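Nothing in this text is a laboratory measurement; each read-out follows from the coordinates by a stated rule. Fair warning: this is a prediction, and the values are worked out from it, not measured in the lab. Cβ: placed from backbone, ideal geometry, glycine included. Neighbour counts: every protein chain shown.
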DNA sequence: CAGCATACCTTGCATTGCAAGGTACTATGG
DNA sequence: CCATAGTACCTTGCAATGCAAGGTATGCTG
């Protein structure tokens with residue numbers, strides 16, 4: 001089923017892009033929700049809100065790509081730290097590959113100044 | 001409102017990507033539905049089905065980005081040719097810029113091997 | 001004339017991203 | 001010691017999206 005999703009992803013980068021940047025952000029170790037959110041908000045493309053992030057983290061955990069642990073440091077508010085599982089790491093590698101493919105494909109379409117006649121009679 | 005959508009797009013490339021490749025495919029002149037479909041199916045990333053394409057073309061036309069004309073050539077089946085409007089051409093330029101921005105942003109996130117500590121304490 | 005191909009369109013479903021609105025606890029400053 | 005603001009996580013409900021599946025209509029081919 002991981003391979004199924006993989007296939008699908010190649011067809012729709014829109015869904016996978018967010019997943020990709022989240023998994024990638026956890027490469028360096030466990031990170032908690034709001035910190036991850038602020039990290040992603042650095043860039044306009046990946047700037048999401050809490051209403052997007054938390055459900056997505058839930059889903060990634062449900063799919064076995066992430067583990068989550070509550071951690072209480074000192075007297076601060078407890079935080080929920082998310083961490084890549086083995087499966088999550090594999091998925092990350094696959095998504096990165098798919099991402100490169102997508103960029104290549106789209107750039108190819110943008111680069112070729114295909115004439116309408118060309119397209120109309122089928123390449 | 002065009003600018004509104006523009007802003008939104010920077011946040012979600014997933015929606016804009018398809019729009020982008022469709023508009024880009026029409027740069028060279030009018031193209032009809034199925035030919036466009038086959039053109040997009042050349043690449044895995046942009047391989048969509050009719051159930052996706054036709055509603056999307058309808059929306060783009062409704063938004064004034066495309067014009068559509070039925071054309072009867074010889075005795076063949078009549079075809080509906082889609083063509084960029086002035087507004088559509090402007091949108092294409094904007095989407096191409098946004099696409100580059102997205103690729104830059106995501107590649108930046110993928111490139112920086114940010115440590116978890118780094119992220120957790122906010123950049 | 002049966003069957004296939006071309007061409008466009010529609011319905012219905014599951015999924016998504018998000019704004020908005022919680023809950024609960026900590027720190028601050030008057 | 002109370003009010004306000006800040007941190008942190010979560011939920012609900014809506015609108016939009018992509019798609020599989022199925023539909024209509026016409027032409028071509030054996």
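Worth pointing out:
- Take the conditions (1) in contact with a strand residue (DSSP E or B) (Cβ under 9 Å, 6 or more places away or on another chain); (2) loosely packed, with under 14 Cβ neighbours inside 10 Å; (3) under 23 Å from residue A:107 (Cβ atoms); residue B:92 misses just one of them, which is (2).
- Screening residue A:36 on (1) within 10 Å of chain B (Cβ to nearest Cβ); (2) assigned to a helix (DSSP H, G or I); (3) within 16 Å of DNA strand D (Cβ to nearest atom); (4) free of Cβ contacts under 8 Å to residues at least 40 places away in the same chain shows it passes everything except condition (4).
For every residue, the table says whether it meets (1) within 11 Å of DNA strand D (Cβ to nearest atom); (2) surrounded by 13 or more Cβ atoms within 10 Å (Cβ to Cβ); (3) assigned to a helix (DSSP H, G or I).
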position: B:24; (1), (2), (3): no, yes, yes
position: B:28; (1), (2), (3): no, yes, no
position: B:48; (1), (2), (3): yes, yes, no
position: B:61; (1), (2), (3): no, yes, yes
position: B:69; (1), (2), (3): no, no, no
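- Residue satisfying all of: in segment B:54-69; without any contact (Cβ under 8 Å) to a residue 40 or more places away in the chain and more than 8 Å from DNA strand C (Cβ to nearest atom); farthest from the chain's Cα centre (by Cα) among these: B:69
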